[in-house]
Each structure stands twice: as C-alpha cells, then as structure tokens.
Amino acid sequence: MRRVDWRGLESFNELRQSQAIHALYECCTSRIWAIRVAAGRPFVDQEALFERADLILAELTDADLDEALDGHPRIGDKPDNASSASEQSGVTGAEAEVLNDLRKGNAEYEAKFGHVYLVFANGRPAAELLAILKERLRNSPETERRVMRMELSKINRRRLTVMLEPAVRYVTDEDALTS
C-alpha cells in the first residue's frame, strides 16, 4: 500500500475504500472500526482522523472491542506483528523473574476481566508494565473496561501516526548509480 511517493494523510485519503480499510485494520483489528473510520474520509487533518477513530472506538460493542483485543499479544509474550514488537521493545531482555511475574499477572488479569491486559507499552520497561498490571487488577470490571478503551485509543493513535508517515526509501539515488 505505501509507495515511495506516499504523502501521508493525502495519500491515505486517496486510497480505494478496500485499501483504506486494510490499512486501518492493521492499526486496530476490529473490522467494524476499520470500516467506519474509513467511511469518514477524506480527513482534513490528522486530528480529524484521530477524533473519528476515537469516536468509533467509543461506540464499539463489547464483541467488536474483543475483536480488537485479539490483535494484541500478551505483554511479555513474543509479539506476532511489527507494531506490537516495536511497542513492547522495552520488555525485551527483561529479567526472567519479571517476565514470570508478567505471565502470572496476565493469567490473573484474564481470569478476572475476560480479556488480554492491554496497555500503551510504547517501549516502557517490563517492570513498569508489571506495576501497572498489578495496579489495574484492583479495578472493577466496569472501570477496567473504560481504562482498556483509553489504552486502545492511545495505541490506535500511535499506529495511525506511523501509518501516515512517509514511506522509507531504501535505495537512494546515489546507491542506484553505484550498483
């Protein structure tokens, strides 16, 4: 989808509907979220895209929200996509004890709330994410659902920002001339 001549939001607005939905689905794995956000194009600026994304997220049913959560690996598990790998980079190389405590905390969290522990990791160290997990285990299910939606919004905004960034050119003109 991303071309060398990618111009961010302008290029995103020009995508075919199916391409826009696919790009959005890579940011958040709720099909209805991707479809409804794409339907808001063209966006006048990045903030308008963020506002639409947040509005649609707030309107998701619990089933749609669960679908979005399916796209997020457990904190401390091996990430299954590039976005999660980047976001959880601070967990890489954590001490075995902290990783073990994260596994136990994830299991306790999932037993209590019925879904994966979701946090805007963004390179934070494993020990910090573990402390947040322990704190959030004190929440009621209703409070935690609200907190989780806010965390998902932060993740979506970061992923949308990355999606809009210019494509990286791997071969410079000088490299092309010397090869």
Inset, instruction - Please identify which residues in the stretch 111-150 have an amide N closer than 15 Å to a label point set 7 Å out from the Cα of E165, following the Cα→Cβ vector. - result: 122-123
Legend entry - the chain: projected area of the alpha-carbon convex hull, averaged over directions, in nm²: 12.1
Legend entry - Whole-angstrom Cα spans of the stretch 51-126 along principal axes, big to small: 39, 27, 18
Inset, instruction - Taking only Cα atoms and a 10 Å spring cutoff, compute GNM fluctuations for the chain and point out the largest among S89, S153, S18. - result: S18
Inset, instruction - Calculate for the chain the 222 nm mean residue ellipticity that helices alone would give, adding -39,500 (n - 2.57) per DSSP H run of length 4 or more and normalising by residue count, nearest 500 deg cm²/dmol. - result: -19000 deg cm²/dmol
Inset, instruction - Express in % the proportion of alpha carbon pairs of the stretch 2-102 at distances exceeding 21 Å. - result: 46
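Coordinate-derived values only; no laboratory data. Remember, it's a predicted structure, so these values are computed and weren't measured experimentally. Please note: Cβ atoms are built from the backbone with ideal geometry, for glycine as well, and neighbour counts cover all protein chains shown.
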